[in-house]
Amino acid sequence: MMTEAACPFCRIDPAQVLLENDLAFAFHDGFPVTLGHTLVVPKRHVASFFETTAEEQAALFDLVGRMRELLLQQHAPDAFNIGVNDGVAAGQTVPHLHIHLIPRYAGDTEDP
Ligand code: 5GP
Ligand code: ZN
C-alpha cells in the first residue's frame with residue numbers, strides 16, 4: 001500500500017490545482033490522452049471509490065461538473081469520457097482514487 005508521503009496525488013503542487021472544494025481537487029493528467037485530460041481526486045488519500053463517503057462523492061462530482069464547464073470554455077470538446085479504474089486488475093496505477101475527465105473531439109479516434 002502506497003503511503004501518502006509517496007503518493008503523487010498527495011504531492012501535487014498547489015499551483016497545478018485547477019479547481020477545488022472542501023473535499024476534492026482537480027488537476028491536469030501528466031500524460032494526457034487528449035487535450036485537457038483532467039483528474040478529479042479526493043483530498044483524503046483513499047484508493048477506491050467505494051471507500052469514499054457520500055460527502056466525498058458529492059464533492060468529486062461537483063468538480064467533474066465544474067471542470068466540464070471550464071474545459072468547454074477552454075477547448076470546446078464535443079464530448080467526454082468520465083471514468084474510474086478501480087483496482088489494479090482494472091488498470092489503476094496510482095492508488096489514490098481519481099476520476100478521469102477526458103475531453104473528446106469529433107474524429108479523435110480515427111486513424112491518421
Ligand atoms: P490510472 O491508470 O491509475 O487510472 O491513471 C493514472 C493517471 O495518473 C494516468 O493517466 C497518469 O498519466 C497520471 N499520473 C501518474 N502520475 C502522475 C503525476 O505525478 N502527476 C499527474 N498530473 N498525473 C499523473
Ligand atoms: Zn494520495
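Every number in this text was worked out from the coordinates using simple rules, so none of it is lab data. Source: prediction; values computed, not measured. FYI the Cβ positions are ideal-geometry reconstructions off the backbone, even for glycines, and counts take in every protein chain you see.
I'm trying to understand the selection: among the residues of the range 1-40, which are under 11 Å from the mean Cα position of the chain (by Cα), within 20 Å of residue 53 (Cα to Cα) and not aliphatic (A, V, I, L, M)? Hits for the range 1-40 are 9, 25. Taking every residue in the range 21-50 that is under 14 Å from residue 11 (Cα atoms) and pairing it with any residue that is within 13 Å of ligand 2 (Cβ to nearest atom) and among the acidic types (Asp, Glu), at least 6 positions away or on another chain, the pairs with Cβ-Cβ distances below 6 Å are 45/4. Note on the range 45-54: among residues that are outside any helix (DSSP H, G or I) and in contact with an Asp or Glu (Cβ under 7 Å, 6 or more places away or on another chain), the one that is surrounded by the most Cβ atoms within 10 Å (Cβ to Cβ) is 45. Here residue 105 fulfils each of the conditions (1) free of Cβ contacts under 8 Å to residues at least 12 places away in the same chain; (2) away from ligand 1 (no atom under 15 Å from the Cβ); (3) among the aromatic types (Phe, Trp, Tyr) apart from (1). Taking the criterion of being within 12 Å of ligand 2 (Cβ to nearest atom) and closer than 21 Å to residue 102 by Cα, the residues of the range 11-30 that qualify are 12, 25.
Condition check ((1) buried (at least 16 other Cβ atoms within 10 Å of the Cβ); (2) not acidic (Asp, Glu)) across all residues:
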position	(1), (2)
8	no, yes
20	yes, no
27	yes, yes
33	no, yes
60	yes, yes
69	no, no
74	no, yes
82	no, yes
108	no, no
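Checking each residue in the range 1-44 for being assigned to a strand (DSSP E or B) and of a type in the set (Gly, Ala, Ser) picks out 24, 26. When 59, 89, 47 are checked against the criterion of being over 14 Å from the mean Cα position of the chain (by Cα) and under 23 Å from residue 4 (Cα atoms), 89 stands alone in meeting it. Being in a loop (DSSP other than H, G, I, E, B) and more than 16 Å from ligand 1 (Cβ to nearest atom) is not true of residue 59.
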